[in-house]
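This report concerns only the one structure given below.
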Amino acid sequence: MNDDNKNINNENEEGGETAEQEEIVSEEDENTPRLLSKLREKVKKLETEKQENLNGWQRERADFVNFRKRSEEEKRELVKFANEALIGDIIPVLESFEMAFSNRKAWESLPEEWRKGVEYIYNQLLSALKNKGLEELNPPKGEKFDPNFHTAESFASTLDKEEDGVIMRVVKKGYRLNGRVINPSIVVVAEHKGENSENAGGK
């Protein structure tokens, strides 16, 4: 009899445990979709944060690369034009040489050996400046006037429409250093006055 009671009790206990386990499993089944949803949200959030961090790192890297490029370019420009003030002071010396050479009669009256020595010094100086990027701006007659490179000292009337705005004469040549104009050429520019001016001139 006692054994029968024990068996009944055991069955009752097992039945209770089974019911409890089924209840737990049932609760877990109910919670699983919610847990999965939370996990998906967490994964999505982590992926978003990862992408944002990656994008931020890429932007920072691009900014750094651009900054380094700008710094290198500024350094090159600084080196390129570091001597601009000095060269600007030397240009009048070149012009003094050329002014002396242009007075052909007076120049040729000097001793030949002396002239050769001065011309040699001039050529050395000019060559050194050209090696630093100095270029002469000495436009030929008939070239179109360009305010980026030329300064008009005066205007000369012309009857030819095609000559309007072209350079008639260079008063003083200019210079540019490494592509940048430091002294524009000073020129005389042709100016077409039109038929009314021509008729007025004829009267």
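No value in this document is a laboratory result; all are computed from the given coordinates. What you see is a predicted model; the values in this text were computed from it and never measured. We place every Cβ from the backbone using ideal geometry, glycine too, and count neighbours over all the protein chains shown.
Using the Karplus curve 6.51 cos²θ - 1.76 cosθ + 1.60 with θ = phi - 60°, work out ³J(HN,Hα) for each residue of segment 185-191 in order, rounded to whole Hz, and write x for Gly and Pro.
3J(HN,Hα) across segment 185-191, in whole Hz: 5, 9, 9, 9, 10, 6, 9.
Towards the positive end of the charge dipole of segment 38-82, with charges on Cβ (+1 Lys, Arg; -1 Asp, Glu), say which of Leu78, Trp57, Phe67 has the farthest Cα.
Trp57
Residue-wise, which Karplus ³J(HN,Hα) couplings in Hz belong to segment 125-137, taking 6.51 cos²θ - 1.76 cosθ + 1.60, θ = phi - 60°, and x for glycine or proline?
Along segment 125-137, the couplings run 5, 5, 5, 5, 5, 5, 5, 8, x, 7, 10, 7, 10 Hz.
Label-point separation (nm) for Lys172 and Trp57, each offset 7 Å from Cα along Cα-to-Cβ?
Inter-label distance under the simple model: 6.1 nm.
Sticking with the crude label model, points 7 Å out along Cα→Cβ, report the distance from Glu136 to Ser96 in nm, one decimal please.
Between Glu136 and Ser96, the simple spin-label model gives 1.9 nm.
Per residue of segment 62-76, what does 6.51 cos²θ - 1.76 cosθ + 1.60 with θ = phi - 60° give for ³J(HN,Hα)? Whole Hz please, x for Gly and Pro, Karplus curve as stated.
Karplus-based 3J(HN,Hα) across segment 62-76 equals 5, 4, 5, 4, 5, 4, 5, 5, 4, 5, 5, 5, 5, 5, 4 Hz.
Using the structure shown, select from Lys141/Lys161; Lys141/Lys172; Lys172/Lys193; Lys105/Lys141; Lys75/Lys130; Lys141/Lys173 the pairs with a Cα to Cα distance greater than 18 angstrom.
Distance filter (> 18 Å) returns Lys172/Lys193; Lys105/Lys141; Lys75/Lys130.
Please work out the FRET efficiency for the pair Asn123 and Asp146, using the Cβ-Cβ distance as r and a Förster radius of 35 Å; give the result to the nearest 0.05.
Between Asn123 and Asp146 the formula returns 0.75.
Between Ala156 and Leu78, what is the label-point separation in nm under the 7 Å Cα-to-beta-carbon projection?
In this crude label model, Leu78 to Ala156 measures out at 4.7 nm.
Using modelled backbone amide H atoms (1.01 Å from N, in-plane), which distant-in-sequence or interchain residues come within less than 5 Å of Phe155's amide H?
Result for Phe155 returns Val189.
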